[in-house]
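Peer 1: Handing you a structure now.
The values are calculated or read from the model by the stated rules, or taken from the named source; none is laboratory data. Computed from a predicted model, the values in this text were never measured in an experiment. Note that we place each Cβ from the backbone using ideal geometry, even for glycine, and neighbour counts take in every protein chain shown.
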Amino acid sequence: INLNSNASLPAKVKVLAQSGLDSLRVSLNSAQEIYYTSYYRPSNYRYEDVELSIKIMKDAGKFVSLNYFILPGFTDSVTEFDALSRLIERCSPDLIQLRNLNMDPLWYLRCISFPGEAQTMGIRAWRDALHKSFPSLGFGYFNPYLQ
């Protein structure tokens, strides 16, 4: 059983994990709280709740994927790479599902107040660096079949 979620309710995620939930896919635009919050505008939860939900699933031995929205110039910025790397270290997701951010990129960057000049790596180098740093981390587009 897979749940696609914003992972905003850790206590509920814990109950679901104990009740047979096999997999959680968490939607993220950023691993940086400031940009996550600017985009999602959470109501009655915080970015920390999202990370806690991921940790709860992993502590229960369950599968977690990040439904991670990709926008060149933002996703591959050095600051976002560093934040994502720390998230992976803290929470140990199994898979990153690479998703195109299907919206006007200029509107998005204004919405999250991202500075215009950021040091970037390039998407291919970003992915290669993640793979090198986290060799067991999977990359894909679909929820995998779990046996």
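Peer 1: So the check is Cβ under 8 Å with 6+ separation or different chains; which pairs have a first residue in the range 67-89 that's on the phi > 0 side of the Ramachandran plot and a second one that's surrounded by fewer than 20 Cβ atoms within 10 Å (Cβ to Cβ) and assigned to a helix (DSSP H, G or I)?
Peer 2: Here the result reads 73/105; 73/109, each pair linking the range 67-89 to a residue that is surrounded by fewer than 20 Cβ atoms within 10 Å (Cβ to Cβ) and assigned to a helix (DSSP H, G or I).
Peer 1: Filter the range 20-38 for residues that are assigned to a loop (DSSP other than H, G, I, E, B) and not aliphatic (A, V, I, L, M); which is farthest from the chain's Cα centre (by Cα)?
Peer 2: Result: 20.
Peer 1: Residue check, residue 109 against (1) at pLDDT below 95; (2) among the hydrophobic types (A, V, I, L, M, F, W, C); (3) under 16 Å from the mean Cα position of the chain (by Cα), all met but one. Which one?
Peer 2: The failed condition is (3).
Peer 1: Does residue 126 satisfy the condition of being surrounded by fewer than 19 Cβ atoms within 10 Å (Cβ to Cβ) and either farther than 29 Å from residue 11 by Cα or in contact with a strand residue (DSSP E or B) (Cβ under 7 Å, 6 or more places away or on another chain) (or both)?
Peer 2: no
Peer 1: Follow-up. Just need a number here: residues in the range 60-91 that are surrounded by fewer than 18 Cβ atoms within 10 Å (Cβ to Cβ) and of a type in the set (Ser, Thr, Tyr).
Peer 2: The number of residues fulfilling the criteria is 2.
Peer 1: How about the range 39-68: which of its residues are among the polar types (S, T, N, Q) and under 11 Å from the mean Cα position of the chain (by Cα)?
Peer 2: 65, 67
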